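Novice: This structure is in structure tokens; I'll ask about it shortly.
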Amino acid sequence: MSNAPTTALLAVNLGTPDTPTAPAVRRYLAEFLGDPRVVSIPPLLWKPLLHGLILPLRAGRSAHKYAQVWLPDGSPLAVYTRQLAAGLQAQLPHWRVREAMRYGQPALLPALDALAAEGMQRIVVLPLYPQYSTTTTASIEDQVQLWQARNPGVRVQTIRDYADHPQWVAAVASSIAGYWQAHGRGGKLLFSFHGIPQRLADAGDPYPQRCEASARAIAAALGLADDDWELAYQSRFGRERWLQPYAEPRLWELAQSGIKTLDVVCPGFATDCLETLEEVEMGFTATLAERGARMRYIPCLNASDAHASALAQLAQAQSQ
């Protein structure tokens, strides 16, 4: 009688270029920004603009940014996602655990194909986006549904959201508390989440409410008063209005109000990546210093044991 696993967990992150070079970044951005879930402009209008103007302009600049945060083993997002998958495998010894990316490599659909070929009868897909959005989790759901229609013999379940899952909240709160114990506590804690266009929220995307649920749950776990923390949004793109307040200008306002040490954490990101390391840790810190204030970035959960344990419990609960 075989003891081989028949249940798999596929942890899916956003994705990353293979190398910090303009051609690799251009390939990655073409796939990412070509997803209608990410940019909902009609393709006949968007694709000429994307390939004729945006990619030629952005690829080189973005490659320079990636180079500033690249690790010896690769992109931070890829390195930490691999390590997190290894931690999840240790937590789930009777499962098969793999990682995949929605954009880039290892690609999502081939990863599902490989698990089916290995005899998996049930696959739990875990998008590494704690807060559901039509721009992120829904894009993974689209791909999974296409694959499921072609593979009806495999049972596939997708975890849609874990914005206020108790074990995940406890892991984030413990990480923040540990940072404060080692480095002291700043005058204000800012939860910085990746933004989305305001029109998507107006159309019913629940993402802002899920971000608020995360921030409130983490703040409560830390025992923070309402005036000890705030929520803001980063990484806006283009000229239209995105979710507000915008994180960096809000930090400037807090500095100008007299708060000289500000702590920033990004609980919308499972792993550190370009947006947390280059935009926040490097960029926000520099512009706050210009205004006479100090900003400390509290890292993502990455491949910590607490992160792997929380997500393993989430996956096990989903599969019951």
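The values are calculated or read from the model by the stated rules, or taken from the named source; none is laboratory data. Everything numeric in this text was worked out from a predicted model, so none of it was measured. Ideal geometry is used to build each Cβ from the backbone, glycine not excepted, and the neighbour counts take in all protein chains shown. Areas reflect the complete protein model, heavy atoms only, side chains present, ligands, DNA and RNA absent. Shrake-Rupley method; radii C 1.70, N 1.55, O 1.52, S 1.80 Å.
Novice: Specify the angular offset, from 0 to 90 degrees and rounded to the nearest 10, of the alpha carbon long axis of helix 55-69 from the longest principal axis of the alpha carbons in the chain.
Specialist: Roughly 80 degrees, rounded to the nearest 10.
Novice: Heavy-atom accessible area per residue, the chain, 1.4 Å probe: how many Å²?
Specialist: 45 Å²
Novice: Could you work out the relative contact order of region 7-91, using alpha carbon pairs under 8 angstrom and six or more residues apart, expressed as a whole percent?
Specialist: Computed value for region 7-91: 38 percent relative contact order.
Novice: Let me ask something else. Pairs of Cα atoms under 8 Å, at least six residues apart: use those to get the relative contact order of the chain, whole percent.
Specialist: 22 percent
Novice: Can you tell me the 0 to 90 degree angle between the C-alpha axis of helix 108-117 and the longest principal axis of the chain, rounded to 10?
Specialist: For helix 108-117, the angle is close to 30 degrees.
Novice: Further, regarding this structure: Rounded to a whole number of µm²/s, how large is the Stokes-Einstein D of region 75-131 at 25 °C and 0.890 mPa s, given Rh as the Kirkwood radius over C-alpha pairs?
Specialist: 202 µm²/s
Novice: Another question about this same structure. Compare the peptides 8-21, 256-269, 60-73 by average per-residue count of other Cβ atoms within 10 angstrom and give them in order, highest first.
Specialist: Descending mean neighbour count gives 8-21, 256-269, 60-73.
Novice: Among rounded, prolate and oblate, which fits region 3-101 when a ≥ b ≥ c are the square roots of the eigenvalues of its C-alpha gyration tensor, a/c under 1.5 means rounded, and a/b larger than b/c means prolate?
Specialist: Cα axes put region 3-101 in the oblate bin.
Novice: Moving on. Among Gly223, Pro245, Gly258, whose Cα projects farthest towards the positive end of the dipole of region 222-265, with charges put on the beta-carbon of Lys, Arg (+1) and Asp, Glu (-1)?
Specialist: My answer, from the dipole projection, is Pro245.
Novice: How big is the shadow of the Cα convex hull of the chain, averaged over all directions, in nm²?
Specialist: For the chain, averaging the hull's shadow over all directions gives 17.5 nm².
Novice: Convex hull over the Cα atoms of region 87-200, averaged projected area in nm²?
Specialist: 10.0 nm²
Novice: Mind putting a number on the dipole of region 72-208 about its Cα centre? Charges go on the C-beta only, +1 for Lys and Arg and -1 for Asp and Glu, and I need it in Debye to the nearest 20.
Specialist: In debye, rounded to 20, region 72-208 gives about 180.
Novice: Hey, got the dipole for region 1-150? About the Cα centre, +1 on K and R Cβ, -1 on D and E Cβ, debye to the nearest 20?
Specialist: Taking the Cα centre of region 1-150 as origin, the dipole is about 280 debye.
Novice: Starting from the Cα of Lys47, draw a straight line to each of the lysines and keep only those under 27 Å, dropping any in the same chain fewer than 8 residues away.
Specialist: Qualifying lysines at Cα under 27 Å: Lys65.
Novice: A further question on this structure: Lys/Arg Cβ at +1, Asp/Glu Cβ at -1, dipole of the chain taken about the Cα centre: which of Thr271, Ile54, Ser175 is farthest positive-ward?
Specialist: Positive-most Cα among the choices belongs to Ile54.
Novice: Next question. With 10 Å bins from zero, work out the P(r) of region 15-61 over every alpha carbon pair and list the percent per bin.
Specialist: 29, 54, 17
Novice: Using helices alone, I'd like the mean residue ellipticity at 222 nm for the chain: each DSSP H run of four-plus residues gives -39500 (n - 2.57), total over residue count, nearest 500.
Specialist: After summing the helix terms and dividing by residue count, I get -14000 deg cm²/dmol.
Novice: How large a share of the accessible area of the chain, in percent, is made up of carbon and sulfur atoms when the probe is 1.4 Å and the other protein chains stay in place?
Specialist: Carbon and sulfur: 53 percent of the exposed surface of the chain.
Novice: Sorting check: for 180-192, 43-55, which peptide has the highest mean count of neighbouring beta carbons within 10 Å, and how do the rest follow?
Specialist: Highest mean packing first, the order is 180-192, 43-55.
Novice: Tell me, which longest segment in the chain has none of the GluC sites (Glu not before Pro) that fall in DSSP loops with at most 13 further Cβ atoms within 10 Å?
Specialist: The longest uninterrupted stretch comes out as 119-239.
Novice: May I ask you to list the lysines whose Cα is less than 20 Å away from that of Lys188, ignoring any residue fewer than eight positions away on the same chain?
Specialist: By straight Cα distance, Lys188 reaches Lys260.
Novice: Let me ask something additional. On a C-alpha basis, how far is the centre of region 154-180 from the centre of region 1-33 in Å? Whole number, if you could?
Specialist: Measuring centre to centre over Cα atoms gives 21 Å.
Novice: Here is a follow-up. Run the dipole for the chain about the Cα centre, Lys and Arg Cβ at +1, Asp and Glu Cβ at -1, nothing else charged, and hand back the magnitude in debye, nearest 20.
Specialist: Taking the Cα centre of the chain as origin, the dipole is about 480 debye.
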